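The values are calculated or read from the model by the stated rules, or taken from the named source; none is laboratory data. Quantities reported herein were computed from a predicted structural model and do not represent experimental measurements. Quick reminder, even Gly has a Cβ in these numbers, built from the backbone with ideal geometry, and neighbours come from all protein chains shown. Only protein heavy atoms, including side chains, enter the accessible area calculation; ligands, DNA and RNA are left aside. Shrake-Rupley method; radii C 1.70, N 1.55, O 1.52, S 1.80 Å.
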Amino acid sequence: MINTYAIILAAGLGTRMKSKLYKVLHPVCGKPMVEHIVDQVEALNLDKIVTVIGHGAEKVKEKLGDRVEFCLQEEQLGTGHAVMQAEVILGHSSGTTVILCGDTPLISKETLAKLIQSHKNHQDAATILTAITDNPTGYGRIIRNAEGNVERIVEEKDANDAERSIKEVSTGLFCFDNEKLFAALKRINNDNAQGEFYLPDVIEILQGDGETIHAVPADSFDETLGVNDRLALSQAEAYMRNRLNRKHMQEGVTILDPSTTYIDADVKIARDVVIYPGTILKGQVSIEEDCVIGPNTEIKDSQIGKASNIKMSVVHDSTVGEQVNIGPFAHIRPLSHIGNHAKIGNFVEIKKSTMGEGSKASHLSYVGDAEVGRDVNLGCGSITVNYDGTNKHLTKIGDGSFIGCNVNLIAPVTIGDGAFVAAGSTITDDVDQEALAIARERQTNKPNYAKKLKPKKK
Ligand code: UD1
Ligand code: CA
């Protein structure tokens, strides 16, 4: 068995992004670019994955945790120099080494496997993943000799006009014989337009030594897109979005308009879910069978149970049960739990609260820091007054109770099971179970008084 390793280059600052966030941490469909790469590489079951870090080292480490081994490139002296830093971990091993750039987030495990397979079949010293593009600006160009074999790679900034017109580019992805790679790296220099130690220069050295080198063309240039600036970032986002939407549709999800549906990489959606336009699913979201989501809905880090319906609403960091109806225009804020068969209607905000099974807040309510039992009816405009200007307080509403319209529940306060709170009440004291609470001024009617208030006609 030949051992296989991967080196992911992720030490660069990413100057062209013009950002305080390090390049490889910029998200594509909600996930840092470098994490997308680790996901794909991990799926290949290699012997070791080494990530070269430098700029933002701590942040990259935090993201990738123990999924990879790290080595530090203290000064960013080029991609060749970056690979040299992995020598402490891989320098004395025999085997095959795949090199990936941390800024090519679209690369798939299938393409990587194809590259590795070709490399092993040919017993190459080096195999380059190349791509053809009409707009090769910024990429290293593949220079082939008269026989059509790859001779070297020339960087954009070092290329002459003829070389610049070449449409075959290096994707920055290589497979090397590990020992030959580290030996050749010792012979590269930084005598070039950028004063950097280029990894691609290894190709010319190996070629000069008479080693065999092959180029494997990628199926599409899109998949090998290198993200150097925000423009390319938006292209990567669009490509990845397409890919994810397609995957969900293939697995039985109806997406009415994929071009306006934004689904992050880790979102899980069961069969027969229908997604209407303008839906954004962010982070760790799971949606069970038969839900109808959207239009114009944002769900982030939440779990949605079977056959629920969420329309024109926002749900964050919460769990929603089965057959729940939410919206239109509801806002479910973090740490809320909406029970099965519950209804959260128009202009209702729920924050850090539990709504029991079958409970309803159908219109114009605020429910914050509340434990609402089962089968409770919160009338239109009923509100938990949870904040006294300094602290937040809890409201408890027992099973089967009925809260009338326009009620203020001044927390901390408890409403017992089966209690009834009259419309327009401002409740400051606990209400016993099965009791009726009325807390409002009695109405006075003054006969014929209206006439006195009307201005006299001249
Ligand atoms: C690189 C290649 C180019 C190829 C292109 C494909 C070189 C010299 N050029 O160009 O041939 O067509 O990728 O996308 O290799 N990095 C480090 N340490 C460094 C410098 C870079 O870790 O000192 C990392 C970066 O974080 C990045 C990757 O290496 O993830 C590539 O660096 P970048 O500056 O983006 O290279 P390109 O100019 O895109
Ligand atoms: Ca790049």
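Observations on the structure shown:
- Criterion violated by residue 139 - all others in (1) in contact (Cβ under 8 Å) with a residue 60 or more places away in the chain; (2) among the aromatic types (Phe, Trp, Tyr); (3) outside any loop (DSSP other than H, G, I, E, B) satisfied: (3)
- In the stretch 342-366, the residues that are open to solvent by 50 Å² or more (accessible area, probe 1.4 Å) form Cβ pairs under 7 Å with partners that are of a type in the set (Ser, Thr, Tyr), at six or more places apart or across chains, as follows: 343/362; 349/366; 352/336.
- Hey, residue 21 farther than 24 Å from residue 116 by Cβ, open to solvent by 20 Å² or more (accessible area, probe 1.4 Å) and away from ligand 2 (no atom under 14 Å from the Cβ) or not: yes
- Top-ranked residue of the stretch 115-148 - restricted to ones that are closer than 24 Å to residue 51 by Cβ and surrounded by fewer than 16 Cβ atoms within 10 Å (Cβ to Cβ), ranked as farthest from ligand 1 (Cβ to nearest atom): 120
- Looking across the stretch 423-458, the residues that are open to solvent by less than 100 Å² (accessible area, probe 1.4 Å), in a loop (DSSP other than H, G, I, E, B) and of a type in the set (Ser, Thr, Tyr) come down to 425, 428.
- Which numbered condition residue 105 fails, given (1) open to solvent by 30 Å² or more (accessible area, probe 1.4 Å); (2) in a loop (DSSP other than H, G, I, E, B): (1)
- Restricted to helices (runs of 4 or more DSSP H) entirely inside the stretch 16-92, those with at least 3 residues that are within 12 Å of ligand 1 (Cβ to nearest atom) and assigned by TED's automatic domain parsing to the domain that holds residue 173 are 33-42, 79-84.
- Residue within the stretch 111-122 that is farther than 30 Å from residue 1 by Cβ, more than 16 Å from ligand 2 (Cβ to nearest atom) and of a type in the set (Val, Ile, Thr) present: no
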